[in-house]
1. Once you have the Cα-Cα distance between SER157 and ALA138, take 0.36 nm times their residue separation minus that, and quote the gain in nm to one decimal.
2. Mind giving me the FRET efficiency for ALA108 and ALA79? R0 is 22 Å, r the Cβ-Cβ distance, nearest 0.05 is fine.
3. Order 95-106, 156-167, 126-137 from most to least packed using the mean count of other Cβ atoms within 10 Å.
Amino acid sequence: MPSRTAKLLCVLLAGALSTLAACKQDDSPAPAAISTESPGLSEPPSSEEPVGEPSDDPSGAAVDGIAADLDLGALNEKADPERLLRFYTNAIRVGDWAAAARAWSLDAQMTPEKLRAEFSGDAGPKVAVGKGDWETAAGSSFYEAPLTITFADARESRRGSIVLHRTNEVPGASELQLVWRIQRSSTVPQ
């Protein structure tokens, strides 16, 4: 059985190779943060065509002329937790609350209604997610990243963290357990 250090090295190597492959496809430097504010940084280089439709909410059709297509392949991501975070922040940016709720684990009991109540308004939020840290423990991987939410209206900006989880390749794990999902997020007013 491989040691915990060997497993961690494999996870880190896989992440590094994924990043290197992305850089090879796109010679631009990798972004330091995932942000709904900058659409050029929000879409990862991919051979898959992003698909998706915004919600029926008229405010979710597009923001500043940005297409509302979402990378639904991120919901099946096993290697790159940042891809799921890009999907989530883009879904919030365009007001697709149902898609954003799909990025959460079932245990979190996140609903489109909860997300709409948190993020909708006359001026949508700018959600920025910084570079996170990996951790593995007892057959699971966790990715925790800093999170900043800034509203253009009278609401207070918030700062905190967001934690993603996936089960590693263990016998009996379901397909849903093997992909990255948001486990929890906690923020406080700035």
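Taken together, the values in this text are just the output of simple stated rules run on the coordinates, not laboratory data. Worth saying up front: this structure is predicted, and the values here are computed from it rather than measured. Here Cβ is always computed from backbone atoms with ideal geometry, including for glycine, and neighbour counts include all displayed protein chains.
1. 3.3 nm
2. The value I calculate is 0.55.
3. The peptides rank, most packed first, as 95-106, 156-167, 126-137.
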